[in-house]
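What follows is a single structure, and I will ask about it in a moment.
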Amino acid sequence: MAAVLEPYIYEGGIHKHSLILELLEDLGGYLVQKTPASTEVTLVMLIPKKDVHLVEDLCKKLLGKLTPAPLTGTEVAVVSPTLASHHLPHSACDIAEYIRRGGANTNMIGLARGMGRRVALSADYERRLINEHDVAVFSFGTFKDCIINKKPKLFEGIEIPIVVTGGPDIRTEEISGADIYVGGIGRVAHRMRKGPELDAMDVLNEKVGEIVNLKRENIAKDPLAVLPARLMKEVQEQVPDILNVLTPAPITLQLDGMRVKLPYDRYHEAVGNIVFDEGFILSDVANILPSKMKDYILVKIKRRSEVANI
Amino acid sequence: MEPLEIFTVETTEPSEAASYESILKDIISELAFSRTIGRIKVRIRPEDSLFMMVILLRRGLPPIKAGEISDTEFDREHAKVVITVRDEKTIPQFLDRLWEQFGRQNVIQPERNIIEVAADLETVDKFIAELIVDDPEKTIRGRLADMAIRATPEGFRIRYHSLDSGKFVFVASEDTMQQDWIDEANVMLKELEGDDS
């Protein structure tokens, strides 16, 4: 039985942070993402639940901060009707930034023709791209009428949970297709930093966390053949070219797989041939697909019930 | 008229007016418009895909004439004309105009507020007497259009606008423009003018 892993973010000085990484490896935890920024470093980690106190003690000694990050290992799509100045950088980027603080990786998606009321629509390509994520957060505007009557057509074809943000107070049931609605985050033309705005963002993170937990529970009923975090480590060891990739998250974990940011044509076989200690290879237990995002590789891990004979 | 002495936003759902007002305020301050706008009234009916905005501008600044902010004289050798500019803010535009007229090689700026032109005094004097260096009214028109487009809900791309002696009327929608809306906006303008009209 695998150890239960708890997600945490460490923020602290870069000095001696490698001690944390060594300890994490000894404990059997996983480093999901490391972001150095001059003399500071941010580590997103999965730590075995019973050993969290050991890491906590070390972090204290290094004068860093260890905080729980419930959204770690998820990839969230922040969808705005377009990429115009009505949505960016505020509020869509503020939403994305706040969700990232919860540990998630976010992708900003601006639809090509999502603006307006009667004319709003999404393309097949966009729907497929959004469906590659764990959760979609749609950031809408100020008017109740638009959010209830017009914008839900953008949810058509979206199969992942949908979180909707907007200005007015609306009950989730009023918006057809939405799983959760969070109010108080409508269209703004300034950076969100006032008290009520930040409170609304906290609610958003909480709600996204709830949806992620539901999805995790759902997966736990019929677990994945391989843990995404473990697969990430195997990719790093067996496809070393991933270490030369310069994007901030060369491997982006998802609840049921990962995005490997290497060209599909050249690397999908290498990724599919990753060997596990148990003797099977990755393509036996996962679907290796071309991602709709650039030419990346999308790995979706099968459930245990699907691969019972391995 | 005081700056922003009337600032009204009307929406079908009254609670939504406050958040739209905050958007407008952000846009106005971003474009440094708060001293230019005297009164503003906005009416939004999302169910009709309709956005209307009327603005009364405060009396704008007069155009800056080159003759009023500079002195000209011959240098000691009578080889070139020396222009001393008193209003430093306008020097970049001033230089642009002179370069256009006399060629870049004939206009140099040895000091911050001094421009030398290799030409005869009479020609330069004549040119400068008629030259308008900067027209704040003109830049305001451009910025006003920018403000209207930023303030409109996204997707409302059918637009009507008119600017007549400091009175700005703007109507935007997603659907075909209707004369009723323009008339309604003009009524709003009348209301905004109140006793001043």
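Does any residue in region A:74-89 that is assigned by TED's automatic domain parsing to the domain that holds A:Glu159 come within less than 8 Å, Cβ to Cβ, of a residue that is part of a loop (DSSP other than H, G, I, E, B) and among the basic types (Lys, Arg) six or more places away or on a different chain, and which pairs are these?
A:Thr82/A:Arg113; A:His86/A:Arg187; A:His87/A:Arg187; A:Pro89/A:Arg191
Quick test of your reading of the structure: A:Leu46 fulfils all but one of (1) touching an Asp or Glu at 6+ places or on another chain (Cβ under 9 Å); (2) within 22 Å of A:Arg230 (Cβ to Cβ); (3) assigned by TED's automatic domain parsing to the domain that holds A:Glu159. Name the failing condition by number.
All conditions are met except number (3).
Across region B:10-25, what is the total count of residues that are in contact (Cβ under 8 Å) with a residue 40 or more places away in the chain and acidic (Asp, Glu)?
Of region B:10-25, the ones in contact (Cβ under 8 Å) with a residue 40 or more places away in the chain are B:23-24.
So of that shortlist, the ones also acidic (Asp, Glu) come out as none.
Residues that pass the stated criteria total 0.
Okay, next question. Which of the following residues is within 19 Å of the chain's Cα centre (by Cα), assigned to a loop (DSSP other than H, G, I, E, B) and outside the structural domain of A:Arg100 (by TED's automatic domain parsing): A:Lys300, A:Lys233, A:Lys294?
A:Lys294
Next question, about the same structure. Determine whether region A:126-148 contains at least one residue that is surrounded by fewer than 17 Cβ atoms within 10 Å (Cβ to Cβ), more than 16 Å from the chain's Cα centre (by Cα), more than 14 Å from every other protein chain (Cβ to nearest Cβ) and acidic (Asp, Glu).
no
Kindly indicate which of A:Asp265, A:Asp284 is at pLDDT 95 or above and out of contact with any strand residue (DSSP E or B) (no Cβ under 8 Å at 6 or more places or on another chain).
Working: A:Asp284 fails: at pLDDT 95 or above.
Answer to the check: A:Asp265.
Evaluate region B:73-94: report whether one residue or more is out of contact with any strand residue (DSSP E or B) (no Cβ under 9 Å at 6 or more places or on another chain), farther than 14 Å from B:Ile128 by Cβ, of a type in the set (Asp, Glu) and in a helix (DSSP H, G or I).
yes
Hey, could you check region A:82-99 for residues that are touching a Ser or Thr at 6+ places or on another chain (Cβ under 8 Å) and buried (at least 20 other Cβ atoms within 10 Å of the Cβ) and say which is nearest to the other protein chains (Cβ to nearest Cβ)?
Filtering region A:82-99 for residues that are touching a Ser or Thr at 6+ places or on another chain (Cβ under 8 Å) and buried (at least 20 other Cβ atoms within 10 Å of the Cβ), the one nearest to the other protein chains (Cβ to nearest Cβ) comes out as A:His87.
Please determine whether any residue of region A:62-80 is within 14 Å of another protein chain (Cβ to nearest Cβ), part of a loop (DSSP other than H, G, I, E, B) and closer than 22 Å to B:Arg150 by Cβ.
So far as region A:62-80 goes, no, none of its residues is within 14 Å of another protein chain (Cβ to nearest Cβ), part of a loop (DSSP other than H, G, I, E, B) and closer than 22 Å to B:Arg150 by Cβ.
Oh, and also: Which of the residues spanning region A:181-206 are more than 14 Å from chain B (Cβ to nearest Cβ) and either of a type in the set (Asp, Glu) or in contact (Cβ under 8 Å) with a residue 12 or more places away in the chain (or both)?
Listed by number, the residues that qualify are A:Tyr181, A:Val182, A:Asp199, A:Met201, A:Asp202, A:Val203, A:Leu204, A:Asn205, A:Glu206.
Take A:Ala229 and tell me if it is within 14 Å of chain B (Cβ to nearest Cβ) and touching a strand residue (DSSP E or B) at 6+ places or on another chain (Cβ under 7 Å).
Details: within 14 Å of chain B (Cβ to nearest Cβ): no; touching a strand residue (DSSP E or B) at 6+ places or on another chain (Cβ under 7 Å): yes.
The answer is no for A:Ala229.
How about region A:166-180: which of its residues are buried (at least 16 other Cβ atoms within 10 Å of the Cβ), of a type outside the set (A, V, I, L, M) and within 13 Å of chain B (Cβ to nearest Cβ)?
Within region A:166-180, A:Gly166, A:Gly167, A:Pro168 meet the criteria.
Separate question: Looking only at region B:91-126, how many residues end up being more than 25 Å from the chain's Cα centre (by Cα) and of a type in the set (Phe, Trp, Tyr)?
The first filter runs over region B:91-126 and keeps only residues more than 25 Å from the chain's Cα centre (by Cα), leaving B:101-126.
Applying the additional criterion that residues be of a type in the set (Phe, Trp, Tyr) yields B:102.
Of the residues in region B:91-126, 1 are more than 25 Å from the chain's Cα centre (by Cα) and of a type in the set (Phe, Trp, Tyr).
Sticking with this structure for a sec: Is there a residue being hydroxyl-bearing (Ser, Thr, Tyr) and touching a Phe, Trp or Tyr at 6+ places or on another chain (Cβ under 9 Å) anywhere in region B:84-93? Give the steps one after another, and end with the answer.
Step one: of region B:84-93, the residues hydroxyl-bearing (Ser, Thr, Tyr) are B:84, B:90.
Those left that are additionally touching a Phe, Trp or Tyr at 6+ places or on another chain (Cβ under 9 Å): none.
Within region B:84-93, not a single residue is hydroxyl-bearing (Ser, Thr, Tyr) and touching a Phe, Trp or Tyr at 6+ places or on another chain (Cβ under 9 Å).
Here's another thing I want to ask about it. Quick one: is B:Leu57 within 20 Å of A:His86 (Cα to Cα) and touching a residue at least 12 places away in the same chain (Cβ under 8 Å)? So that I can check it myself, show each step before the final result.
Working: within 20 Å of A:His86 (Cα to Cα): no; touching a residue at least 12 places away in the same chain (Cβ under 8 Å): yes.
So B:Leu57 fails the test.
Kindly indicate whether B:Ser173 is within 30 Å of A:Val188 (Cβ to Cβ), polar (S, T, N, Q) and in contact with a helix residue (DSSP H, G or I) (Cβ under 8 Å, 6 or more places away or on another chain).
On the way: within 30 Å of A:Val188 (Cβ to Cβ): yes; polar (S, T, N, Q): yes; in contact with a helix residue (DSSP H, G or I) (Cβ under 8 Å, 6 or more places away or on another chain): yes.
Answer is yes for this residue.
Still on this model: How many residues are under 14 Å from B:Ile91 (Cβ atoms), without any contact (Cβ under 8 Å) to a residue 24 or more places away in the chain and surrounded by fewer than 12 Cβ atoms within 10 Å (Cβ to Cβ) when one looks only at region B:103-132?
Count: 2.
Sticking with this one: Among (1) modelled with pLDDT under 90; (2) of a type outside the set (Lys, Arg); (3) touching a helix residue (DSSP H, G or I) at 6+ places or on another chain (Cβ under 8 Å), where does B:Gly155 come up short?
(3)
What are the pairs with Cβ atoms under 8 angstrom where one residue, in region A:226-247, is without any contact (Cβ under 8 Å) to a residue 12 or more places away in the chain and the other, located anywhere, is surrounded by 19 or more Cβ atoms within 10 Å (Cβ to Cβ)? Sequence gap at least six, or different chains.
Partner pairs satisfying both residue conditions: A:Leu243/A:Pro250.
Return the only residue of B:Thr36, B:Thr12 being touching a strand residue (DSSP E or B) at 6+ places or on another chain (Cβ under 9 Å) and either closer than 24 Å to A:Arg191 by Cα or at pLDDT below 90 (or both). Steps first, answer last, please.
Details: B:Thr12 fails: either closer than 24 Å to A:Arg191 by Cα or at pLDDT below 90 (or both).
Just a single option satisfies the conditions, and that option is B:Thr36.
Sticking with this structure for a sec: Just to be sure before I move on: is B:Ile44 at the interface with chain A (Cβ under 9 Å from one of its Cβ atoms), in contact with a Leu (Cβ under 9 Å, 6 or more places away or on another chain) and of a type outside the set (S, T, N, Q) in the structure I sent? Even if it seems obvious, please write down each step before you answer.
Values: at the interface with chain A (Cβ under 9 Å from one of its Cβ atoms): yes; in contact with a Leu (Cβ under 9 Å, 6 or more places away or on another chain): yes; of a type outside the set (S, T, N, Q): yes.
Answer is yes for this residue.
Another question, then. Residues of region B:133-154 being surrounded by 16 or more Cβ atoms within 10 Å (Cβ to Cβ), touching a residue at least 40 places away in the same chain (Cβ under 8 Å) and within 14 Å of chain A (Cβ to nearest Cβ), which ones?
Passing the criteria: B:Met147, B:Ala148, B:Arg150, B:Ala151, B:Thr152, B:Pro153.
The values are calculated or read from the model by the stated rules, or taken from the named source; none is laboratory data. These figures come from a predicted structure and were not determined experimentally. Here Cβ is always computed from backbone atoms with ideal geometry, including for glycine, and neighbour counts include all displayed protein chains.
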